[in-house]
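Structure first, then comments.
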């Protein structure tokens, strides 16, 4: 996963000046969606989402200012699509059948 995070870092930097959509945030030991997540589960979720949309990115929240107020750090899956506004990002979430708990606009700044 560290390789993927490093690989996706340059692409994620594009979202300092525009929005994208956050699709997931998980960390080892987190209880969500009926299970306790481990690294293999997080990577499998990323691969599944990436197979549906090749723009999907994996980042580590500790690397980005948008997440600095949260002391817990997570692996975050981003849509990798750029939007000019939060409304555009919300519309993308809806159009791709993501609910409001599964998809939200994010600016990494």
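Summed over region 65-84, the residues that are touching a strand residue (DSSP E or B) at 6+ places or on another chain (Cβ under 8 Å) and either outside any helix (DSSP H, G or I) or modelled with pLDDT of 95 or more (or both) give a count of 12.
Among residues of region 35-48 that are over 16 Å from residue 8 (Cα atoms), those with a Cβ under 8 angstrom from a residue that is part of a helix (DSSP H, G or I) and at pLDDT 95 or above, sequence gap 6+ or separate chain, pair up as 35/41.
Could you say whether any residue in region 88-105 is touching a residue at least 40 places away in the same chain (Cβ under 8 Å) and either within 11 Å of residue 12 (Cβ to Cβ) or assigned to a strand (DSSP E or B) (or both)? Yes: one or more hits.
In region 11-26, which residue that is surrounded by fewer than 17 Cβ atoms within 10 Å (Cβ to Cβ) and not in a helix (DSSP H, G or I) is farthest from the chain's Cα centre (by Cα)?
Taking region 11-26 as the starting set, the residues that turn out to be surrounded by fewer than 17 Cβ atoms within 10 Å (Cβ to Cβ) are 11, 13-14, 16-18.
Adding the requirement that they be not in a helix (DSSP H, G or I) leaves 17-18.
Details: 17: 16, 18: 15 Å.
It comes out as 17.
When residues in region 85-103 are screened for being out of contact with any helix residue (DSSP H, G or I) (no Cβ under 6 Å at 6 or more places or on another chain) and at pLDDT 95 or above, 11 of them pass.
The values are calculated or read from the model by the stated rules, or taken from the named source; none is laboratory data. Not measured: the values here are computed from a predicted model. For neighbour counting, all protein chains shown are included, and Cβ atoms are generated from backbone atoms with ideal geometry for every residue, glycine included.
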